[in-house]
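The values are calculated or read from the model by the stated rules, or taken from the named source; none is laboratory data. Not measured: the values here are computed from a predicted model. Methodologically, a virtual Cβ is constructed for each residue, glycine included, from the backbone with ideal geometry; neighbour enumeration extends over all protein chains shown.
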Amino acid sequence: MWSCKRGSSGCPRWRTKVCRQAKSNTPEWDGETDMSGHLRDDIKLSSVRETSGVTEVDVGYGKNTGWRAHFPNSGTSMQDPQHFIEETQEVMRPVVIAAFLSHLKEGGM
């Protein structure tokens, strides 16, 4: 799992773009809470893998914060859904596809 912390060396450019977009779209609660850590500070990416002919990378949140990402994303009885995960996927899809195609043209995988 790749972390999206600032200054990560060896990160391909598309990973940096995905992390930046996910961080900017992820809402942050400024009120009081007994939870430690913010979603936007715990974004993770898996390594590139190929399974049954499908090349994929998982993008999400770490173990400490990921379990609560669905509350602001999907909404609750007290909070409207924000759909920040889907928004990030839609915006970044062309960037990631272009990077994958470029990698394949260069002889990757």
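Within segment 69-109, restricting attention to residues that are closer than 20 Å to Glu50 by Cα and under 13 Å from the mean Cα position of the chain (by Cα), the residue that is surrounded by the most Cβ atoms within 10 Å (Cβ to Cβ) is Met92.
On the stretch given as segment 72-84, residues that are of a type in the set (S, T, N, Q) and either without any contact (Cβ under 8 Å) to a residue 12 or more places away in the chain or under 23 Å from Trp14 (Cα atoms) (or both) total 4. A count restricted to segment 44-55 and to residues that are touching a residue at least 40 places away in the same chain (Cβ under 8 Å), surrounded by fewer than 11 Cβ atoms within 10 Å (Cβ to Cβ) and not in a loop (DSSP other than H, G, I, E, B) stands at 1.
Contact map, segment 56-71: residues that are assigned to a helix (DSSP H, G or I) paired with residues that are surrounded by fewer than 16 Cβ atoms within 10 Å (Cβ to Cβ) and at pLDDT 90 or above, Cβ distance under 8 Å, separation 6+ or inter-chain. Pairs shown: Phe71/Gln79. In the set (1) touching a Ser or Thr at 6+ places or on another chain (Cβ under 7 Å); (2) farther than 16 Å from Arg15 by Cβ; (3) exposed (fewer than 14 other Cβ atoms within 10 Å of the Cβ), Asp58 fails one condition alone, (2).
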